[in-house]
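Notes follow once the structure below has been shown.
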Amino acid sequence: MLTLLLPLTEAADEAPSPLLPHTAEIIFGFVFLVLLAIAFAKVVVPKFEKAYADRTAAIEGGMNEAKAAQAEAKAALDKYNAQLAEARQEAAKIREDAREQGAQIIAEMREQANAEAERIVTHARAQIDAERTQAVASLRGEVGTMATTLAGRIVGESLEDEARQRRTVERFLAELEESESARQAVGTDG
Amino acid sequence: MTAGVPTEFNPPGPQNFETPPIIHGVDWFTKPVLVAALSVVVIVWFFWGASRKAAIVPSKLQFAGELGYNFVRNSIARDAIGSADYMKFVPYLTGLFFFILLNNVAATIPLIQFPTFSHIGWAYVAAIMSWVIYNAVGIKKKGLWGYFKHQTMPAGVPIWLMPLMIPIEFISNILVRPISLSLRLFANMFAGHILLLVFVLGGEYMVFESGSIAIGGVGIITFLMALAIAGLELFVQAIQAYIFVVLTAQYIGSAIADEH
């Protein structure tokens, strides 16, 4: 029992103390641990670390790419918005100009039309005046002649009866009309 | 040894861990050496295969390898040593972790069923390597005097306590650490295996050789207990591998830590 409790004092013919190492195991333990450390240091760790670095780079690259794309999209949007605002401003300006120009054109046209109308009216009035003067002058002369002719006829012919008298007047009027239309024809020519 | 004939029960002891050489005459080629060598082959084969074509998008094998590698790299090395210096120690810590883990779990793998670290030589060599590494990097960073000052004179302790503090800190930080590291691992593996042997051999004796039906019934319960203990041992085996490597990383981290 005592030998079990204190294995270091065990007799030589029994198993050696479990606290005493075998030399071979010390050597193998050292060799194996060094081998493993070298295998990990030379192969496994570099390979895994490279994969991790690649992974990080891939993720970061993807993120940077996405960020760049986002920035690009934002720049394009800003540009379009700016262009749109400019176009709107320009359109407003053009509309404003057009309105101004239209108003100006209308005013000008109105003025022109007024002037023209005035001119036409003035011209027509002058013409009417001239024609009337002319008509008065010609009428005056003709009335004198007609009155003279009529008087001569009345005096020269004997007025026997009422029928005859009427005929005379009618003839006179017909002649008068005739001469009137002849005169008018001559007047239009002139 | 037939049922019904009582024979004497030989309790399992340290002699059960002394297996004969596998090849007669080659004394060094024992079961733990074979198991350890197999573990190295398996670790190198697995991680070489997992990392050989390491790519941005991992294969299933690479993913499994990264899982194990990341566990040691991030959860153990980086957390304990700090992100500035930890990469230098990742190869050793990873190799150490998987070496201890596989050799511990070997105690549960059928047909192998032997914990390499129940032979204390393996535990000694692993602890001494960790001890050499953490002291060496500490001395390299702070110089011999600076390192001893860093390890034995904690900041904020009054000067009149120093005669007491310096020996205590020296013993605890420099002398005891390799012993505690190796003994913890060895004792857990040794005790776990011997516990299992007690339950399995004892159950076997009770069932087949005690010659009593009542004791045979207890023997069956003992077998069931052995199953439960095997499950517990699997947990202990993984935990011990983790503790050994976490402590190594912490010793390295504290050896190169800046004064605070």
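The values are calculated or read from the model by the stated rules, or taken from the named source; none is laboratory data. These numbers come from a predicted model, not from an experiment. In this analysis, Cβ positions are derived from the backbone assuming ideal geometry, glycine residues included, and neighbour counts consider all displayed protein chains.
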Name the one entry in A:VAL31, A:VAL43 that is part of a helix (DSSP H, G or I) and touching a helix residue (DSSP H, G or I) at 6+ places or on another chain (Cβ under 8 Å).
A:VAL43
Out of (1) in a helix (DSSP H, G or I); (2) free of Cβ contacts under 8 Å to residues at least 12 places away in the same chain, the one B:GLN113 does not meet is (1)
If you go through segment B:52-110, how many residues are over 18 Å from A:TYR52 (Cα atoms), buried (at least 24 other Cβ atoms within 10 Å of the Cβ) and within 12 Å of chain A (Cβ to nearest Cβ)?
9
Is it the case that segment B:246-254 has a residue that's touching a helix residue (DSSP H, G or I) at 6+ places or on another chain (Cβ under 7 Å) and more than 30 Å from B:PRO32 (Cα to Cα)?
yes
Please enumerate the residues belonging to segment A:23-77 that are of a type in the set (Ser, Thr, Tyr) and at pLDDT below 90.
A:THR23
Taking B:VAL105 as the residue in question, decide whether it is in contact (Cβ under 8 Å) with a residue 24 or more places away in the chain and farther than 24 Å from B:VAL236 by Cβ.
no
In segment A:16-56, what count of residues is obtained for those that are of a type in the set (A, V, I, L, M, F, W, C) and loosely packed, with under 15 Cβ neighbours inside 10 Å?
6
Please determine, by comparing only the residues of segment B:41-51 that are within 23 Å of the chain's Cα centre (by Cα) and crowded, with 22+ Cβ neighbours inside 10 Å, which one is farthest from A:PHE32 (Cα to Cα).
B:PHE47
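Pick from segment B:28-51 the residues that are over 14 Å from B:PHE99 (Cβ atoms) and among the hydroxyl-bearing types (Ser, Thr, Tyr): which of them is farthest from the other protein chains (Cβ to nearest Cβ)?
Going through the qualifying residues, I end up with B:THR30.
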Would you pick out the residues in segment B:180-220 that are surrounded by fewer than 14 Cβ atoms within 10 Å (Cβ to Cβ) and within 22 Å of B:PRO115 (Cα to Cα)?
B:SER180, B:ALA191
Residue selected from segment B:15-37 under the condition part of a helix (DSSP H, G or I) and free of Cβ contacts under 8 Å to residues at least 60 places away in the same chain, by the criterion farthest from A:PHE30 (Cα to Cα)
B:GLN15
Selection count where residues are surrounded by 14 or more Cβ atoms within 10 Å (Cβ to Cβ) and within 28 Å of B:ILE239 (Cα to Cα), scope segment B:159-178:
6
Identify the single condition in (1) in a helix (DSSP H, G or I); (2) over 20 Å from the mean Cα position of the chain (by Cα) that B:ALA155 does not satisfy, given that it satisfies every other one.
(1)
Can you spot a residue in segment B:181-192 that is within 20 Å of B:TYR147 (Cβ to Cβ) and part of a helix (DSSP H, G or I)?
yes
I'm trying to understand the selection: among the residues of segment B:116-147, which are of a type in the set (Val, Ile, Thr), in contact (Cβ under 8 Å) with a residue 24 or more places away in the chain and within 13 Å of chain A (Cβ to nearest Cβ)?
B:THR116, B:ILE120, B:ILE128, B:ILE133
Please go through segment B:147-164 and give me each residue that is in contact with a helix residue (DSSP H, G or I) (Cβ under 9 Å, 6 or more places away or on another chain) and within 20 Å of B:GLN250 (Cβ to Cβ), ordered by number.
B:TYR147, B:PHE148, B:LYS149, B:HIS150, B:GLN151, B:THR152, B:MET153, B:PRO154
